[in-house]
Amino acid sequence: MPGITREEVAHLARLSRLELQAEELDHLAEQLDVIIGAVARVSEVAGQDVPPTSHPLPLTNVMRPDEVRPSLTSEQALSGAPAAEEQRFRVPQILGED
Amino acid sequence: MNLVSYEDALASYDPVMGLEVHVELGTKTKMFCGCSTELGAEPNSQVCPTCLGLPGSLPVVNAVGVESAIRIGLALNCEIAEWCRFARKNYFYPDMPKNFQTSQYDEPIAYNGYLDVQLEDGSTFRVEIERAHMEEDTGKSSHVGGATGRIHGATHSLLDYNRAGIPLIEIVTKPIEGAGERAPEVARAYVAELRELIRALGVSEARMDKGQMRCDVNLSLRPNGTETFGTRSETKNVNSLRSVERAARFEIQRHATVLGAGEKIIQETRHFHEDNGTTTSGRIKDNAEDYRYFPEPDLVPVAPSREWVEELRASLPELPRVRRARLQAEWGLSDKDMQAVLNAGAVEPILETIAAGAPADQARKWWLGELARRANETGTELAEQPITPAQVARVCALVAEGKLNDKLARQVIEAVLAGEGEPDEVVAARGLAVVSDDSALGAAVDQVIGENPDVAEKIRGGKVQAVGALVGAVMKATRGQADAAKVKDLILEKLGAA
Amino acid sequence: MTDLIKLTAADTAAAIKAGQVSAVEVTQAHLDRIDAVDKKVNAFLHVDTEGALAAARAVDAKRAAGSELGPLAGVPLALKDVFTTKGVPTTCGSKILEGWIPPYDATLTTRLKDADVVILGKTNMDEFAMGSSTENSAFGTTGNPWDLSRIPGGSGGGSAAALAAFEAPLAIGTDTGGSIRQPGAVTGTVGVKPTYGSVSRYGLVAFSSSLDQGGPCARTVLDAALLHEAIAGHDPLDSTSINAPVPAVVEAAKMRDVRGMRIGVVKEFAGEGYQAGVMQRFDEAVELLRELGAEVVEVSCPSFTLALPAYYLIAPSEASSNLARFDAMRYGLRVGDDGSRSAEEVTALTREAGFGAEVKRRIILGTYALSSGYYDAYYGSAQKVRTLISRDFDAAFAGVDVLVSPTTPTTAFPIGERADDPMAMYLADLCTIPSNLAGNAAMSLPCGLAPEDNLPVGLQIIAPAMADDRLYRVGGAVEAALNDKWGHPLLEEAPAL
Ligand SMILES: [Mg+2]
Ligand SMILES: [Zn+2]
């Protein structure tokens, strides 16, 4: 498995919305290289015909009836908001539309 | 850059389309929590820890959401997965409380189907369905401080999460090839057919104007006679049938213009503008987009039993195509007449008018005539005219009772459309009723006979065909409110020629 | 009554029921103890004095009214700060959640309240449960009551230390890779990771959803069982919750008889990296089990060698997604919102300032493992390893009732020793991780002090999923025999604080 570069760490930091400092980038790149080197051993089994396990228990079809349950009040909903306005969460300007 | 004409674009290029439609289900509660989905509530009053993405909260799947997805899949002739999972689609956006959307990825609940759509000339085009999968809606942001409430130039935004978590079914077509110059029409017809199907299933009202159904139009061009797909653009959230058609048409012209100038199409999202029918650039998709999908560990797999699927298949309602054939037979219409009804979007209004008591031919006459003309003129949907089928049926009843003639009925309909009230109110307020009061009519007839002694004499003398002139005069005198047949009878009677 | 803080939970509840002591007295005694020692131990992030006393008064009122009291009514408990508590701060040991007051109770919190357990407060932990030492808390590390210069284990170091320091007879932990069992082992207390899905995760702030499991921490096996019964059971708010009766753990804890049981010793959990004193106490415990009438065999689980790598791909991957919600928009910290910055920038600045180094490290690692191009090699393979590990367990349990191993390869290490060496830190969970990956049940209980450092050693017992009762049967028997041998519970040998 290839190691991880500083540039890759910077890209991952952007994807995960972390404004990492320059020295953090260096340090992390170093550490991640070691960690990834150690965990990459799992790819030994990549070629094996083994089903992956995403859930530890074999449960299926857990569903609830389409019945309304009480919501929070808007006061409760907004109680932790860093900023609120007109009963809405106030957030900084959003760039670009999705 | 001047756009090349549509015809020129098609002369050189072959359009390939992909349509992604999101349908908001009409379940009582959200996809993963028990919050109500009722529209119009106070901001942030229909939220709970789960749909607000509070730390520690967990999702639980709405059984009716899954059932609706399966029913849609079946109606689209899809295979229903024996086992499938939800997946997390990871990306940051403030309207998405968890910063991942709970969706489905490589294991959709329904896949490999098709929908046959009827074009305006009555021919059928088969649109292949890639998949239909379950996911959740986002919250709603309003942008403050910008000139027009748009995102651009705003100083900050306000978020309401009432919509966050409302169940969505995303229906994705396979690449639509071979439609040629009719690609925009196919797009519109597909979305229209899908909307009708969704409504027939009763899983959503699918009102595009309310955002309950939204369409992304993906489009690319390739030089005529070639196979490889070109670079596509993704025009997002187009929200009317007309716009779907216009967006596709515009993108064909735009792509042809760019390609014709020897430039490259950029893979990006685009926004459609209702006002001028154009699209503008949105977000560039440079493949840095990495959603890091993985199976949602907080939800267990969905494995619909074959018994359940067959039960749902058996309980599907009559699907629109079948229903249309039945109605055509019931109404005794030729293919051409039925197509006119379909093209006008008049099936539902006519049916509702009939249900409200009107005869089929009368109902059809008004919706296809007067009302269709008006819809056309205003560029609106027939069903959205400010007159209800019940009101049209009432006008029909007034005609049948002899209280209105066709000319008056038209005036009543115009007045209802103009917001003057119910048909009976219009009739009363405008004094439009047919003059059937014999004494009033008698007086008018007597006056006309008195004013036209020689014509009267001719009739007395057996020249009955001369009565037309007197009828015309009476009608004129009563400003059209008389029943012409009755007037004729009365004149003949008075002149002893009956 | 003297020394209320030394009583077991079972005895405390009995004394309250019998009217020998009031719940308020018991609660006050523990609040006083916290007051006296927690400056040194730092087990609590938040002490809810008013709430605890109110809950205690309600218990006393209930008794006065002649109502039936439950088996843990009036017993104080220390709650790991990873479960939401309505109206009481919940931080998960992170600056990003500092000051957050949840508007809802976790299902587990509700169950505790319904059982009339008195919640004293919220305990310290590694930030978002990522760590094995509690050094990753944003609010200072917790000391191990056996030696305050050493780690109390993690991530639930606060809960384990609170028990060992007699600040509470009961505590709640969560175990994603060993965060209940490893702190239990290094503090000489009992910790149980129930079968995945048996304790609701609703209101448990997620680290790694497919691995996290809340569970009981106590000073005795019976107390753990009583708490286990109070918190386990089906919850319709958690899709991964098992809809089946909870195994009879209290009954099992009281059996104290392992005759006829088959016990497997996992061959892979020994060798390099295992402290000699730990292995010595472990071997003695195995010998003891034999003496008590169990049949002991050696079993091999070859895939376990891949457990740690698989865990360090799966847990960070899920965490990178679970922790995305901390974006400064709806709750928690917001940094840099000066009117000129975009939401995106504010989110990135807040996450940079609000998360500690280990959390960032795992978010980046998880983002990497899930990204396109690496998914199959890393996350996909890790999920396959999970299957192989489950198969190893299945094969082993076909021949034995439970498996045993040391809980952790070493005793408590000094604070700071592994702080900037993630790989060394990760080794602390070597023996505990396989059970998280497979979802089965496991317990750690004290089996003596390592001769070389006089620090507690944990014995791990592993049972198949939904056979949690076997842990208590074996644990109860071992505990009774060891207490007989020592003449007292191990914790009595801990130095005074
Ligand atoms: Mg989608
Ligand atoms: Zn909700």
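In nm, what is the difference between 0.36 nm times the number of residues separating B:E330 and B:K264 and their Cα-Cα distance?
Roughly 18.4 nm would be gained on extension.
Taking amide H positions as placed 1.01 Å from N in the peptide plane, with prolines and chain starts having none, which residues 5 or more places from B:V61, or on another chain, fall under 5 Å of its amide H?
Correct list: A:R64.
Report for the protein assembly as shown the percent antiparallel among DSSP-assigned beta bridges with both residues inside it, nearest 5.
80 percent
Show me, for region A:86-91, the HN-Hα J-couplings you get by feeding each phi into the Karplus relation (A = 6.51, B = -1.76, C = 1.60, θ = phi - 60°), rounded to Hz, glycine and proline as x.
6, 6, 10, 6, 8, 10
To make sure I understand the rule: partners must be lysines, Cα under 24 Å from the Cα of B:K285, and not fewer than 8 residues away in the same chain. Which ones qualify?
Reachable lysines: B:K89, B:K98, B:K140, B:K174, B:K236, B:K264.
Taking amide hydrogens as modeled 1.01 Å from N in the peptide plane, which residues meet the under 5 Å criterion relative to A:A83, leaving out close sequence neighbours?
Amide H neighbours of A:A83, under 5 Å, 5+ apart: A:R90.
Counting helices only, and only those DSSP H runs with n ≥ 4, report the 222 nm mean residue ellipticity of the protein assembly as shown as the sum of -39,500 (n - 2.57) divided by its residues, in deg cm²/dmol to the nearest 500.
On the way: 36 runs with 413 residues, N = 1093.
Dividing the helical sum by the residues of the protein assembly as shown leaves -11500 deg cm²/dmol.
Can you give the angle from 0 to 90° between the axis of helix A:6-15 and the longest principal axis of chain A, with both taken from C-alpha atoms, to the nearest 10?
20 degrees
State, to one decimal in nm, how far the label point of C:E98 lies from the label point of B:N224, with both points 7 Å from Cα in the Cβ direction.
Computed distance between label sites C:E98 and B:N224 equals 7.0 nm.
Heavy atoms only, probe 1.4 Å: what % of the accessible area of region B:6-312 goes to carbon and sulfur, would you let me know?
Percent of accessible area from carbon and sulfur atoms in region B:6-312: 45.
Count charges around C:G158 for me, please; just the other residues with Cβ under 11 Å from its Cβ, Lys/Arg as +1, Asp/Glu as -1.
That sum, taken over residues with Cβ under 11 Å, equals -2.
Counting alpha carbon pairs within less than 8 Å and at least 6 residues apart, what relative contact order, in whole percent, applies to region B:265-374?
It rounds to 13 percent for region B:265-374.
Can you list which of the DSSP-assigned H helices in chain B have a Cα extent of 20 Å or more along the long axis and an average Kyte-Doolittle score of at least -0.5?
In chain B, the long hydrophobic H runs are B:183-201, B:241-260.
For the ranges C:70-81, B:310-321, what's the packing order if you count other beta-carbon atoms within 10 Å of each residue, average per peptide, and put the highest first? If you can, show how the numbers build up before the last one.
Values: C:70-81: 27.9, B:310-321: 14.0.
Put in order of decreasing packing, that is C:70-81, B:310-321.
Average partner chain C-beta neighbours within 10 Å, per residue of B:60-67?
5
Find which of C:V346, C:V118, B:P320 sits farthest along the positive direction of the dipole of the protein assembly as shown, computed with +1 on the beta-carbon of Lys and Arg, -1 on that of Asp and Glu, about the Cα centre.
B:P320
Mind ordering B:450-459, C:371-380, B:97-106 by average Cβ neighbours within 10 Å, highest first?
Working: B:450-459: 14.7, C:371-380: 18.2, B:97-106: 20.8.
Top of the packing list down: B:97-106, C:371-380, B:450-459.
As I understand it, the dipole of the protein assembly as shown uses +1 on the Cβ of Lys and Arg and -1 on the Cβ of Asp and Glu, about the Cα centre. Which of C:P102, B:A132, C:Y374 lies farthest toward its positive end?
Highest projection toward the positive end goes to B:A132.
Along the charge dipole of chain B, Cβ charges K/R +1 and D/E -1, which of B:A329, B:Q481, B:A390 sits furthest on the positive end?
Selected residue: B:Q481.
Can you work out the Karplus-derived ³J(HN,Hα) for every residue in region B:292-298? Use 6.51 cos²θ - 1.76 cosθ + 1.60 with θ = phi - 60°, whole Hz, and x for glycine or proline.
6, 4, 8, x, 5, x, 7
Under 5 Å between amide hydrogens, which residues at least 5 positions from C:R262 or on another chain qualify, with H placed 1.01 Å from N in the peptide plane?
C:E295, C:D401, C:V402
Report, as an integer, the average count of C-beta atoms from other chains found within 10 Å of each Cβ along C:416-426.
Averaged over the peptide's residues, the number is 2.
Taking each residue in A:26-34, count the Cβ atoms of any other chain within 10 Å of its Cβ, then average. What number comes out? Show your work: numbers first, answer last.
Numbers: counts 0, 3, 5, 1, 0, 8, 5, 0, 3.
Per residue, the average neighbour count from other chains is 3.
Check cross-link reach from B:K476 to the lysines: straight Cα distance under 17 Å, and skip same-chain residues fewer than eight apart.
Within the straight-line cut-off, B:K476 pairs with B:K407, B:K486, B:K488.
C:K122: net charge of surrounding residues, Cβ under 9 Å, Lys/Arg +1, Asp/Glu -1, itself excluded?
-1
Could you tell me the calculated FRET efficiency between B:A41 and B:R126, based on Cβ-Cβ distance and R0 = 45 angstrom, to the nearest 0.05?
Values: r = 41 Å, r/R0 = 0.91.
Between B:A41 and B:R126 the formula returns 0.65.
Kindly rank C:270-279, C:399-408 from highest to lowest mean number of other beta carbons found within 10 Å of each residue. Intermediate values should be presented prior to the final figure.
Working: C:270-279: 15.1, C:399-408: 24.8.
So the peptides C:270-279, C:399-408, ranked by packing, come out C:399-408, C:270-279.
With the alpha-carbon atoms as the only input, what is the per residue convex hull volume for region B:6-312 in Å³?
148 Å³
Taking one equal scatterer on every alpha-carbon of region B:265-340, how large is log10 of I(q)/I(0) by Debye at q = 0.12, 0.15, 0.18, 0.20 1/Å?
-0.91, -0.87, -0.83, -0.88
If you average the alpha carbon positions of region C:250-282 and of region B:350-418, how far apart do those two centres end up, in angstrom?
Computed from Cα coordinates, the inter-centre distance equals 86 Å.
Hey, which lysines would be in cross-link range of C:K39, C-alpha to C-alpha under 25 Å, not counting anything within fewer than 8 residues on its own chain?
Here the lysines satisfying the reach criterion relative to C:K39 are C:K6, C:K80, C:K95, C:K122.
Under a point spin-label approximation (7 Å from Cα along Cα-to-Cβ), what is the B:A469-C:A377 distance to one decimal in nm?
Once both label points are built, they end up 10.3 nm from each other.
With all protein chains present, how much of the accessible area of chain C (probe radius 1.4 Å) comes from carbon and sulfur, to the nearest whole percent?
50 percent
Quote the FRET efficiency, to the nearest 0.05, computed for B:D489 versus B:L351 with a Förster distance R0 of 51 Å and r equal to the Cβ-Cβ distance.
Efficiency, from the Cβ-Cβ distance: 0.85.
The values are calculated or read from the model by the stated rules, or taken from the named source; none is laboratory data. Computed from a predicted structure; not experimentally measured. Neighbour counts run over all protein chains shown; Cβ positions are idealised from the backbone, glycine included. Just so you know, the surface numbers come from the protein's heavy atoms only, side chains and all, with ligands and any DNA or RNA stripped out. Shrake-Rupley method; radii C 1.70, N 1.55, O 1.52, S 1.80 Å.
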